[in-house]
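The values are calculated or read from the model by the stated rules, or taken from the named source; none is laboratory data. Quick caveat, the model's predicted, so the values are computed rather than measured. Ideal geometry is used to build each Cβ from the backbone, glycine not excepted, and the neighbour counts take in all protein chains shown. Quick note on the areas: whole protein, heavy atoms, side chains included, nothing else; ligands and nucleic acids left out. Shrake-Rupley method; radii C 1.70, N 1.55, O 1.52, S 1.80 Å.
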Amino acid sequence: MRALSTLLLSALLATTAIAQTPPSAPPEAIDRVWSGHSARFAMAVSKTHLYVAYYDANRQLTVAQRPLNNPAHWVYHKVDTWLGWDSHNYIAMALDPAGALHVAGNMHVDPLTYFRSDPSGDVRTLKRVPVMVEATREAHMTYPIFLNDGDGRLVYKYRDGSSGRGNEVYNVYDAAAGRWSALTSAPLVDGEGQRNAYFVGPVSGPDGWFHITWVWRDSPMAETNHDLSYARSRDLIHWEKADGSPLPLPIRLKDAEIVDPVPVKGGMINNNTVIGFDADKRVTITYHKYDAAGNTQIWLARREGKTWNRQQISAWTNYRWDFKGGGSLNSELFVEGARPGAKGQLIVPVTRLGQALAFVVDAATLKLIEERKVESLNARAAARIGVTDVTRVQTAQTTGPDGRVYTLVWQALPPNRDLPQARIPEPSDLILLTDTQP
């Protein structure tokens, strides 16, 4: 997604916080890191160790670990890849069932850049793996994501190809054999050489299904997104529409389930089509598009019976995010999935122009009850480390086996359309915040 890979990052970074913050441990300095532009860092946690992966002050991909019970004992390991100026080149990291650490990143239509440790999970054993499954398919890779299937196996998905000309590919890892294989015999989606799909998910829902949403995009230009689409699966192999109709792979535009036929230049953008669930485990999708007056508005869609109920939940005036062009955008809007709130209500978190908002929606009708300002995770993290410019604060977060929440905090300039900055800023402190159990 030449234009908006950082939306997924920023949507995670700007997560709204409504609940009271639990007691906290003192901030923990880890390293000095690159701050010339934003590129998502990664965290992972095992039963015994915390792992962080980031680009250091010299832009080199670095992986560090420490015991959960010993904040002072960090171990560091640098691997042989360096970040350029592209905000698409985020880091993905996960542990497999045998305990090995997997790290992928620094790829935007690039050959596979992937490292794996031995089953001890020791970062010092990380080694480059040049091929996962098929070298010819792994020459133009973007958007690495690790997830687990219903059996707990590690799955790796990525885009093969470029913006407007890409396919979604899934691999599965056999931890006992130490070997990757293709999860499906065909890519999930085929743009037929005319477009590609930008996915959010798969998200493992409370209903036992994996859910995905996506937009189709006709070119590297951000304004060419169109047709909000949806599919679900039990096993990440067999996919279907919401009514149970099978979707043979690869899914093509003419066969896809269209939730909302938003046209090109209709105000919908990739990564801002986010899955949520209501109290009855029904799937929802939060997204935005232009209204009849040309203003950008937030919409919420929910599958109800045989149809999708689509409701506009914002009522903004004189506001239009008129995005266009290529490269990583300095995004104005981030949305999150709906979640149950007070009885009979849904909460839909949104961040607009740096302000975190909570839309309170009637759970029965999806009609707006209230739009209110809230404090974002970034704002809370900035206050705890004494930073006044929240716009540069970046965060990543994970939860340990005992329920402790670990938040990684650093500062970086926003994307610059993937072009070099005129001046390189000083490196930022990489800080770990730990929220203990109440």
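Filter the trypsin sites (Lys or Arg not before Pro) in region 46-82 down to the DSSP loop ones having no more than 13 other Cβ atoms within 10 Å, then list what survives. Present the calculation step by step, with values, prior to reporting the outcome.
Numbers: sites: 47, 59, 78; in loops: 47, 59.
Passing sites in region 46-82 are 47.
Choose one answer from 172, 259, 129: the residue with the largest mean-square fluctuation in a GNM of the chain with alpha-carbon springs under 10 Å.
Maximum fluctuation in the GNM of the chain, among the listed residues, is at 129.
When the Karplus curve 6.51 cos²θ - 1.76 cosθ + 1.60 is applied with θ = phi - 60°, which whole-Hz ³J(HN,Hα) does each residue of region 359-369 get, with x for Gly and Pro?
Here the 3J(HN,Hα) series is 8, 9, 10, 5, 5, 7, 10, 6, 7, 5, 9 Hz.
Excluding residue 174 itself, what net charge comes from residues whose Cβ is under 14 Å from its Cβ, given Lys and Arg +1 and Asp and Glu -1? Walk me through the numbers on the way to the answer.
Values: positive: 116, 153, 179; negative: 96, 149, 151.
For residues surrounding residue 174, the net value is 0.
Rounded to a whole number of µm²/s, how large is the Stokes-Einstein D of region 190-374 at 25 °C and 0.890 mPa s, given Rh as the Kirkwood radius over C-alpha pairs?
Values: Rh = 16.8 Å.
Answer, rounded: 146 µm²/s.
Testing the spin-label approximation: label points 7 Å from Cα along Cα→Cβ at residue 292 and residue 330. State their distance in nm.
3.5 nm
With label points built 7 Å along Cα→Cβ from the Cα atoms of residue 60 and residue 128, find their separation and express it in nm.
Between residue 60 and residue 128, the simple spin-label model gives 1.4 nm.
Specify the residue with the greatest mean-square fluctuation among 298, 275, 237, computed from a Gaussian network of the chain linking alpha-carbon atoms under 10 Å apart.
Of 298, 275, 237, the Gaussian network model singles out 237 as fluctuating most.
Taking all protein chains as present, what is the carbon and sulfur share of the accessible area of region 190-374, in % to the nearest whole number, probe 1.4 Å? Kindly include the intermediate steps, with their values, before the conclusion.
Numbers: 3560 of 7280 Å².
The C+S portion of the solvent-accessible surface of region 190-374 is 49 percent.
I'd like the FRET efficiency for residue 73 and residue 204, computed as 1/(1 + (r/R0)^6) with the beta carbon distance as r and R0 of 22 Å, rounded to 0.05.
Once the sixth-power term is evaluated, E becomes 0.10.
Looking at region 216-273, I'd like the Rg to Rh ratio, where Rg is from alpha-carbon atoms and Rh is Kirkwood's inverse mean 1/r. Can you show the working numbers first?
Details: Rg = 12.4 Å, Rh = 12.3 Å.
Reported Rg/Rh, Kirkwood definition of Rh: 1.01.
Note down the accessible area of residue 136, probe 1.4 Å, to the nearest 10 Å².
Result for residue 136: roughly 110 Å² accessible.
With a 10 Å radius around each residue's Cβ, average the other Cβ atoms per peptide and rank 307-314, 62-69, highest first. Intermediate values should be presented prior to the final figure.
Values: 307-314: 16.5, 62-69: 18.6.
So the order, starting with the most tightly packed, is 62-69, 307-314.
Per residue, how many Å² of accessible area does region 190-374 show with a 1.4 Å probe? Working shown, then result.
Details: 7280 Å² over 185 residues.
On a per-residue basis, 39 Å².
Using the Kirkwood formula on the Cα atoms of the chain, what hydrodynamic radius do you get, in angstrom to one decimal? Before the final figure, lay out each step's value.
Details: mean 1/r = 0.0452 Å⁻¹.
Kirkwood hydrodynamic radius for the chain: 22.1 Å.
Ordered by packing density, taken as the mean number of other Cβ atoms within 10 Å over each peptide's residues, highest first, how do 403-413, 358-368 rank?
Numbers: 403-413: 20.3, 358-368: 17.4.
Descending packing order for the listed peptides: 403-413, 358-368.
For q = 0.14 Å⁻¹, what log10 I(q)/I(0) does region 73-181 give under the Debye formula with an equal point scatterer on each alpha carbon and no solvent?
-0.54
Could you check which residue among 39, 53, 135 shows the biggest mean-square fluctuation in a GNM of the chain with a 10 Å Cα cutoff?
135
May I ask you to list the GluC sites (Glu not before Pro) in region 212-305 that are in a DSSP loop and have at most 16 other Cβ atoms within 10 Å of their Cβ?
Values: sites: 223, 240, 257, 304; in loops: none.
Those that pass, being in a loop and sparsely packed, number zero.
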